[in-house]
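Reading through the structure tokens given below for one structure.
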Amino acid sequence: MKYALFADIHSNLEAFQVVREEFKKEKIDEYICLGDIVGYAANPNECIKLTRELNPLTVIAGNHDWASVGKAGINYFNPIAKEAILWTQKELTEKNKNFLGDLPLIKEFDDFVIVHGSLYSPEKWHYIFTLQDAKRNFDYQKKKICFIAHSHQPFINSQDREGNCEGVKEMKVSLKDDYRYLINIGSVGQPRDGNPDACYCLYDTAKSAIEIKRISYEIKKAQDKIISAGLPQELAWRLSLGR
Ligand SMILES: [Fe+2]
């Protein structure tokens with residue numbers, strides 16, 4: 001079984017289209033979206049449509065998805081993110097608002113679980129940045145693998161049977177018995193790890209292999225749309241920095 005996992009598209013249609021083309025080459029069996037389809041860029045409805053065309057598909061909620069339909073508060077967002085949320089609220093069709101509002105926070109599969117922020121407080125949208133954060137998440141993790149998103153910074157962490165955690169240096173891993181894994185799958189539409197390329201993740205259960213992949217896309221086109229839509233300019237220039 002080959003899973004394609006993706007998240008934090010953030011209404012960036014150009015990035016998502018390129019990632020979808022990569023999916024076609026990979027013979028994917030199942031698609032999994034870890035939330036934040038909308039927010040920040042200029043094509044929220046189009047990105048929801050393209051997501052929902054993938055089949056079979058599982059989607060969970062991100063903070064921007066719920067905030068864009070009034071299901072999560074927006075006070076904790078910075079002013080730029082807040083402006084994008086308010087813009088997105090006006091853009092979204094009723095049908096798409098209902099879709100986003102109905103998304104769950106967590107989903108479990110055979111050997112893995114998916115959540116946008118953290119297992120310890122999914123509705124509070126905590127970020128997992130440090131090994132200490134990762135350890136806390138492992139305390140709540142019953143499955144072998146937990147896939148997360150939210151920080152837009154991909155990583156692979158492992159934990160041995162004694163509870164020792166470490167980051168895997170490469171952006172791919174062959175799963176070992178007796179180890180558990182916490183994997184941030186990065187962001188399709190607004191990477192923040194210094195690499196502006198769109199990011200997604202493949203999990204091949206037959207090979208017990210997980211890989212975080214990157215692909216370049218037409219950043220300039222996404223930037224021009226953000227500016228034309230009247231969204232904050234910072235949201236455009238940060239795309240070329242990957243910050
Ligand atoms: Fe996000």
Q | Rounded accessible area per residue of region 2-241, 1.4 Å, Å² | A | 45 Å²
Q.
Computing the accessible area with a 1.4 Å probe over protein heavy atoms, can you report the carbon and sulfur percentage for region 2-241?
A. 46 percent
Q) Leaving out same-chain residues fewer than 8 places away, which lysines sit with a Cα under 20 Å from that of LYS90? A) LYS49, LYS71, LYS82, LYS225
Q: Just grab the label-to-label distance for LYS172 and LYS2, each label 7 Å out from Cα along the Cβ direction, in nm (one decimal).
A: 1.2 nm
Q: Quickly work out the ASN195-to-LYS221 label distance, labels modelled 7 Å from Cα along the C-beta direction, and quote it in nm with one decimal.
A: 2.3 nm
Q: Note the angle between two axes, namely the Cα long axis of helix 219-228 and the longest principal axis of the Cα atoms of the chain, as a number of degrees from 0 to 90, rounded to the nearest 10.
A: 40 degrees
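Write down the percent of antiparallel bridges among all DSSP beta bridges whose residues are both part of the chain, to the nearest 5.
Details: 25 of 39 bridges.
Beta bridges within the chain, antiparallel portion: roughly 65 percent.
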Q. Distance in nm between label sites at ARG161 and LYS107, each 7 Å beyond Cα in the beta-carbon direction?
A. 3.3 nm
(Q) If packing is taken as the average count of other Cβ atoms within 10 Å, what order do 29-42, 174-187 fall into, highest mean first? (A) 29-42, 174-187
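What does the charge count near GLY189 come to, summing +1 for each Lys or Arg and -1 for each Asp or Glu among other residues with Cβ under 10 Å from its Cβ?
Details: positive: none; negative: ASP8, GLU14, ASP36.
Surrounding charge for GLY189 is -3.
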(Q) Helix 13-26 against the longest principal axis of the chain: what's the angle in degrees, Cα atoms only, rounded to the nearest 10? (A) 40 degrees
Q. Taking the alpha-carbon centroid of each part, what is the distance from region 1-64 to region 85-157 in angstrom?
A. 14 Å
**Q.** Estimated [θ] at 222 nm from DSSP helical runs (n ≥ 4, -39500 (n - 2.57)) normalised by residues in the chain, nearest 500
**A.** -9000 deg cm²/dmol
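Excluding HIS150 itself, calculate the net charge of residues whose Cβ lies under 14 Å from the Cβ of HIS150, where each Lys or Arg counts +1 and each Asp or Glu counts -1.
Values: positive: LYS124, ARG192; negative: ASP8, ASP36, ASP65, GLU123, ASP133, ASP193.
Once all neighbours under 14 Å are counted, the net charge is -4.
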Q: At a Cα cut-off below 17 Å, give the aspartates and glutamates reachable from LYS135, other chains included and same-chain residues fewer than 8 away excluded.
A: ASP160, GLU162, GLU166, ASP178
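Can you compute the FRET efficiency between LYS135 and GLN233 using 1/(1 + (r/R0)^6), with r the Cβ-Cβ distance and R0 = 51 Å? Round to the nearest 0.05. Working shown, then result.
On the way: r = 39 Å, r/R0 = 0.76.
My answer for the efficiency is 0.85.
The values are calculated or read from the model by the stated rules, or taken from the named source; none is laboratory data. Computed from a prediction, not measured in an experiment: that's the story for all the values here. Note that we place each Cβ from the backbone using ideal geometry, even for glycine, and neighbour counts take in every protein chain shown. For the accessible areas, the whole protein counts, side chains as well, though only heavy atoms, and no ligand, DNA or RNA atoms are used. Shrake-Rupley method; radii C 1.70, N 1.55, O 1.52, S 1.80 Å.
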